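Structure, as structure tokens:
The values are calculated or read from the model by the stated rules, or taken from the named source; none is laboratory data. This structure is a prediction, so every number in the text was calculated from the model and none was measured. Positions of Cβ are backbone-derived with ideal geometry, glycine not excepted, and every protein chain shown enters the neighbour counts. In case anyone asks, the SASA skips ligands and DNA or RNA and just uses the protein heavy atoms, side chains included. Shrake-Rupley method; radii C 1.70, N 1.55, O 1.52, S 1.80 Å.
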Amino acid sequence: MKKFFSAAVLFTLVVAAASAYNPPVYGDDIFELSSPHQLANASSVVGGGIFYASPESMITNPALPAKEQRIDLNLAYTGLVSSNQANESRYGNAFQFGMLIPFKRFVFSGYGNGTMVPFKEMNLGDSFNFKFGLAKEITDKLTVGTNLNTGIFWGAGTSWALSVNLGFVYTYGDLSFIKDFRYGASILNLGKNYDNTTLAGIKGGQASAFPAIATIKVGAAGTLVQNDTIRLGFSADLTAPSCMNLIADLGLQFAVKDMLFISVSEKFNFAELVKDVQNVMPSVGINFRFTFDVKNNDYLNKNGWNQSEMSASVAWKQFNRTVNAVSAGVDVNLGLKDETPPVIQLWLDDDEAPEVQVIPVSTGDAK
């Protein structure tokens, strides 16, 4: 009888919580508006089919930056335009800036985000958000990470947020015909999120707290085709905001010579689809990566930054049939990747004990 009573109470609480789940349209993905990578990379919890990590990776999984070897500077902007003439303002925007710094024992990331979206069909209010994270490589295959989130909200009531994200990524390796197969998970927004706002929820009435507390993300990715010229990767993710909704993200990433990258992704937010407030239209992103050489600069030469990489990205995504977003951003990686491991030579000389000599060979900066 006690077990039955406990189960009934638990069921009642779950039903009550589910009925209270009522975020604004796209409220569970509010941090994914300000970057072309987030718009077009399928919100991948494992870095996408062709692995990518930067300060903004903390949005989906704080463990992603753990393997980064170089300082990364990130800047991006998104403009949103609504064709709905009922809106007092038909223009919104979002922006972000971030820095990733590798240290000997961990990788530190700092990230700032601003979102101002005033549309009736997609009202997210105004907010500034900040994230600070640490990621660590436990083994060659396993990385873990955590970050602190904080922010302020205004424009439709006022609120503040303070929460924590946790996550891991495991690199399995080759799985049948899939190369570089990875899987991982994260749990996001553990703490206080934006509440008591006057925003409208997807079910009507006043919106509940957003993004949803204890949002669980799981995903996998890998490379389907790989040769000296091209690579084709895929990613698949499932997100369960407070276990009250299901969001599916699918992505394809195509690369040519590791210079030109094309991403296509699709998002299915089932709570929004049921209420017919989401347009099922794939997003598209293009990224171009190149190396630049700065000469006659003693400071850059001293730090090994005279040769560095820059990535320039653009993306497009349509929301709600009336809202279109165009985003552009840049990432600057100071220095070049160290892709050549040390050469280890072992030999035996006559009448001498075995000797091991390590000859370091480097093509760039390493942690």
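For the stretch 227-258: of the residues being under 20 Å from the mean Cα position of the chain (by Cα), more than 15 Å from SER283 (Cα to Cα) and hydroxyl-bearing (Ser, Thr, Tyr), which is surrounded by the fewest Cβ atoms within 10 Å (Cβ to Cβ)?
Here the residue is SER242.
If you take the residues of the stretch 152-177 that are within 18 Å of the chain's Cα centre (by Cα) and touching a residue at least 40 places away in the same chain (Cβ under 8 Å), which of them is farthest from PRO65 (Cα to Cα)?
Per the criteria, the residue is SER163.
Could you give every pair whose Cβ atoms fall below 6 Å, whose first residue belongs to the stretch 27-39 and is of a type outside the set (S, T, N, Q), and whose second residue is in a helix (DSSP H, G or I), counting only separations of at least 6 or pairs across chains?
Going by the 6 Å Cβ cut-off, the qualifying pairs are PHE31/ILE59; GLU32/GLN38.
For the stretch 259-272, give me each residue that is of a type in the set (A, V, I, L, M, F, W, C) and crowded, with 19+ Cβ neighbours inside 10 Å.
Of everything in the stretch 259-272, those that are of a type in the set (A, V, I, L, M, F, W, C) and crowded, with 19+ Cβ neighbours inside 10 Å turn out to be PHE261, ALA271.
Just to be sure I understand, how many residues within the stretch 113-135 are in contact with a helix residue (DSSP H, G or I) (Cβ under 9 Å, 6 or more places away or on another chain) and free of Cβ contacts under 8 Å to residues at least 60 places away in the same chain?
1
Would you pick out the residues in the stretch 107-140 that are open to solvent by 10 Å² or more (accessible area, probe 1.4 Å) and among the hydroxyl-bearing types (Ser, Thr, Tyr)?
Within the stretch 107-140, THR139 is the sole residue that qualifies.
Condition first: part of a strand (DSSP E or B), at pLDDT below 95 and within 29 Å of LEU124 (Cβ to Cβ). Now tell me which residues in the stretch 155-202 satisfy that.
Once the filter is applied, which keeps residues that are part of a strand (DSSP E or B), at pLDDT below 95 and within 29 Å of LEU124 (Cβ to Cβ), the stretch 155-202 yields only ALA200.
Can you name every residue in the stretch 25-41 that is of a type outside the set (Asp, Glu) and not in a loop (DSSP other than H, G, I, E, B)?
Within the stretch 25-41, GLY27, ILE30, PHE31, PRO36, HIS37, GLN38, LEU39, ALA40 qualify.
Those residues that are closer than 30 Å to LEU199 by Cα and open to solvent by 50 Å² or more (accessible area, probe 1.4 Å), I need them from the stretch 165-179; list them, please.
Within the stretch 165-179, just LEU166 meets the criteria.
Suppose the filter is of a type in the set (Phe, Trp, Tyr), under 21 Å from the mean Cα position of the chain (by Cα) and within 29 Å of ALA20 (Cα to Cα); does TYR194 pass it?
yes
Would you confirm whether or not the stretch 255-263 contains a residue that is closer than 21 Å to VAL330 by Cβ, at pLDDT below 95 and not charged (D, E, K, R)?
Yes - at least one qualifying residue is present in the stretch 255-263.
In the stretch 203-226, what residues are farther than 18 Å from ILE59 by Cα, in contact (Cβ under 8 Å) with a residue 12 or more places away in the chain, outside any loop (DSSP other than H, G, I, E, B) and open to solvent by 20 Å² or more (accessible area, probe 1.4 Å)?
Of everything in the stretch 203-226, those that are farther than 18 Å from ILE59 by Cα, in contact (Cβ under 8 Å) with a residue 12 or more places away in the chain, outside any loop (DSSP other than H, G, I, E, B) and open to solvent by 20 Å² or more (accessible area, probe 1.4 Å) turn out to be GLN206, LEU224, GLN226.
Looking at the stretch 55-84, which of the residues that are closer than 18 Å to ASP29 by Cβ, hydroxyl-bearing (Ser, Thr, Tyr) and touching a residue at least 60 places away in the same chain (Cβ under 8 Å) is surrounded by the most Cβ atoms within 10 Å (Cβ to Cβ)?
Result: THR60.
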